[in-house]
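Everything on this sheet refers to the single structure shown next.
The values are calculated or read from the model by the stated rules, or taken from the named source; none is laboratory data. None of these values were measured; they are calculated from a predicted model. Heads up, the Cβs are rebuilt from the backbone with ideal geometry, glycines too, and the neighbour counts pull from every protein chain shown. Accessible surface areas use protein heavy atoms only, side chains included; no ligands, DNA or RNA. Shrake-Rupley method; radii C 1.70, N 1.55, O 1.52, S 1.80 Å.
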Amino acid sequence: MTSGPEGSPTPAAAPPVAPPPPRLMGRIWQVGRFELLKLALLALVGAGVGRIFGRPLAGTCVVLFLLLLSNLRHLAILRVWLATPKSVQLPDIGGLWGENYNALLEMQRKNRKNKKKLTLMLAEYQASTAALPDAAVVLGERGQIAWFNQAANTLLGLRAPQDTGLRITYLIRHPAFTEYFVSGDFDREVEAPSPVNRAKQLSLRIIPYGSNQLLLIARDVSELRRLETARRDFVANASHELRTPLTVLRGYLEMMEPEAQHSNALGPWRGPLLEMRNQAARMESLVTDMLKLARLEADSLSMKDTRLDVPRLIQRLVEDTKTLSRGEHRFELHIDPRVMLIGGEAELVSIVTNLLSNAVRYTPAGGVIAVRWEPVPEGARFSVADSGVGIAPEDIPRLTERFYRVDVARSRASGGTGLGLSIVKHALEHYDSRLEIRSELGVGSTFSCRFPPHRVHVETAEAVSQG
Ligand code: ADP
């Protein structure tokens, strides 16, 4: 509430509830007392003039009648002005009517100024949204289109005024968008081709605001996707091209090594030859991992869906890992033989192999590695827990980044490429699953993957025994 100079509330800021009667009466008296005095004086003058003709009462009545007429005229003027302000000019007079007229004109002036300001702001806002390269669409609670900018026409094909009021899902019919809109989970974005030009890839995001209103923002990400594809293709091609020369080099080195063992001339080269062979092997694993990652990224949507005998596959891969461990670790297996997966074998092999080899490489000799495969209420879970070096909390969120290694020297010494967990992450995306990491420095780590129910198949005990 605003206050007047003396702290009393100004009329404009008066609360909606009427102030107590004595104060209101006091104010009315203050404003009207001169008019009342004027009225009394004029009545007296009327009575005086009437007295000259021997009719003082008639004189008073005439004066009061004339005053009533004048008030009626002002009321009529006010009525016409309120209905059509431009058709009549409010008279510039003194007294209470004059004060009222001035207050009304002042209010009108302020309103005009505010309106002008708002119109200008609206025009600026509309101009700025029109200039936006992203499409912006204001939607009602059920997705009915309330307003959209120019880019919504070019990117989404919306037309004014015929599309206003229509539901957005009638116009953007891509299943990914429909599912996104119906789910109500607007924390993420979805991608779909533009309904106008299918070559354009759009990223769509809904932002709820105000009272049940939604703002849809659509961005053209075609260029970004094109660059990503170009980068991926470059990595895949470069890795592929490097493979052949590396195989040749390694072949020659392998041929020369036994020669060096027996020939005195090649004697000084024994050490360098071994080092060259190790480095060539390292380069080969790097190239293989880079190719694997590029492939996983490239066919991000497609995967051969076959029924996989996961218990058997895990057993086989654990046996392979024991060779890497050279008997230095104790393996504990808790594998439910009934649980199978529907998906791609190559992806699953990448996930299991990388997690197992990491457990061996980051667990000192004598450590325990527990491998679990079991059904859970939300599908099935595969986990590898080790009693190894552990990971500091600040490193955990970055482990799946390409080439991120907590200890570079240790990773290299154990034959790591820095791409293992990145491969695991991408392979899990094919299974609509994510990697969960729990770890404590010096105590150990657990890497687990939860597979959703639509990927899991639990067999009956009889089927397992027959198999
Ligand atoms: P690398 O080839 O270096 O092992 P990864 O992508 O497989 O690459 O793993 C990234 C980093 O995560 C590793 O360098 C290591 O620091 C850490 N890491 C992965 N697995 C474990 C584990 N079981 N215990 C401790 N640290 C781990």
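What order do you get for 26-38, 322-334 when each peptide is scored by the mean count of other beta carbon atoms within 10 Å, highest first?
322-334, 26-38
So what's the angle, to the nearest 10 degrees on a 0 to 90 scale, between helix 95-131 and the longest Cα principal axis of the chain?
Its long axis makes an angle of about 20 degrees.
What FRET efficiency would be calculated for the residue pair ASN237, ARG27, taking the C-beta separation as r and a Förster radius of 60 Å, to the nearest 0.05? Working shown, then result.
Numbers: r = 87 Å, r/R0 = 1.45.
Once rounded, the FRET efficiency stands at 0.10.
When 1/r is averaged over all different Cα pairs and the result inverted, which Kirkwood radius in Å belongs to the range 306-466?
16.0 Å
Using the basic label-point model (7 angstrom from Cα toward the beta carbon), what is the GLU332 to VAL368 distance in nanometres?
About 0.3 nm, to one decimal.
Okay, helix-only estimate at 222 nm for the chain: each DSSP H run of n ≥ 4 adds -39500 (n - 2.57), divide by all residues, round to 500 deg cm²/dmol; what do you get?
On the way: 13 runs with 243 residues, N = 467.
Taken over the chain, the calculation gives -17500 deg cm²/dmol.
Going Cα to Cα from LYS322, which aspartates and glutamates come in below 19 Å? Please leave out same-chain ones fewer than 8 positions away.
By straight Cα distance, LYS322 reaches GLU332, ASP386.
Along the charge dipole of the chain, pointing to its positive end and built from +1/-1 on Cβ of Lys, Arg, Asp and Glu, which listed residue (TRP269, ALA238, GLY59) has its Cα farthest out?
Farthest towards the positive pole: GLY59.
Rounded to a whole number, what is D in µm²/s for the range 34-74 from Stokes-Einstein with the Kirkwood radius over alpha-carbon pairs (4 °C, 1.567 mPa s)?
For the chosen part, D equals 128 µm²/s.
Please give the helix 420-430 orientation as an angle from the longest Cα principal axis of the chain, in degrees from 0 to 90, rounded to the nearest 10.
60 degrees
So for the chain, averaging the separation of alpha carbon pairs under 8 Å that are six or more residues apart and normalising by length, what relative contact order in percent results? Please list the in-between numbers first.
On the way: 618 pairs, mean separation 38.2, N = 467.
Relative contact order comes out at 8 percent.
Once the Cβ-Cβ distance between SER211 and LEU44 is put in as r, and R0 is 60 Å, what FRET efficiency do you end up with, to the nearest 0.05?
Once the sixth-power term is evaluated, E becomes 0.45.
Rolling a 1.4 angstrom probe over the protein heavy atoms, how many square angstrom per residue are accessible across the range 228-298?
Spelled out: the 1.4 Å probe surface of the range 228-298, per residue, equals 65 Å².
When DSSP assigns beta bridges and you keep just the ones with both residues in the chain, what percent turn out antiparallel, to the nearest 5?
Of all bridge pairs located within the chain, approximately 90 percent are antiparallel.
Where the only charges are on Cβ atoms (+1 Lys, Arg; -1 Asp, Glu), what is the dipole of the range 306-466 about its Cα centre, to the nearest 20 debye? Display every interim value, and only then the final one.
On the way: 20 positive and 21 negative charges, 75 e Å.
Rounded to the nearest 20 debye, it is 360 debye.
On full extension of the chain, what length is gained from LEU118 through VAL248, given 0.36 nm per residue of separation minus the C-alpha to C-alpha distance?
39.3 nm
What is the Å³ per residue value for the convex hull set by the Cα atoms of the range 228-298?
Measuring per residue, one finds 69 Å³ for the Cα hull of the range 228-298.
Leaving out ligands, DNA and RNA, what percent of the accessible area of the chain is carbon and sulfur, probe 1.4 Å? Write down the numbers at each step before the final one.
Numbers: 17370 of 29080 Å².
Ligands and nucleic acids excluded, carbon and sulfur give 60 percent.
So how strong a dipole does the range 151-236 carry about its Cα centre when Lys and Arg Cβ are +1 and Asp and Glu Cβ are -1, to the nearest 20 debye?
220 debye
Between the range 84-119 and the range 240-309, what is the separation of their alpha carbon centroids in Å?
89 Å
I'd like the per residue volume of the convex hull spanned by the Cα atoms of the range 133-220, given in cubic angstrom. Numbers along the way, then the final one.
On the way: hull volume 7.3 nm³, N = 88.
Cα-based convex hull of the range 133-220, divided per residue, equals 83 Å³.
Can you tell me the orientation of helix 56-83 relative to the chain, as the angle in degrees between its alpha-carbon axis and the longest Cα principal axis, to the nearest 10?
20 degrees
With +1 on each Lys and Arg Cβ and -1 on each Asp and Glu Cβ, and nothing else charged, work out how big the dipole of the chain is about its Cα centre, in Debye to the nearest 20.
Using Cβ point charges on Lys, Arg, Asp and Glu, the chain gives about 2980 debye.
Provide the FRET efficiency to the nearest 0.05 for the GLU228-ARG307 pair, computing r from the beta carbons and using R0 = 41 Å.
0.80
Provide Rg and Dmax in Å for the chain, with only Cα atoms included in the calculation.
Computed over the Cα atoms of the chain, radius of gyration and Dmax are 42.3, 157 Å.
Keeping every protein chain present and rolling a 1.4 Å probe, give me the accessible area per residue for the range 329-467 in Å².
Per-residue value: 46 Å².
In nanometres, what is the gap between the two model label sites at ILE93 and ALA76, each 7 Å from Cα along Cα-to-Cβ?
Inter-label distance under the simple model: 1.3 nm.
Along the charge dipole of the range 133-220, which of PRO175, GLN162, LEU215 sits closest to the positive end, that is, farthest toward it, with unit charges on the beta carbon of Lys, Arg, Asp and Glu (+1, +1, -1, -1)?
GLN162
Check the straight Cα-Cα distances from LYS116 and name the lysines below 26 Å, setting aside those fewer than 8 residues away within the same chain.
Filter leaves LYS86.
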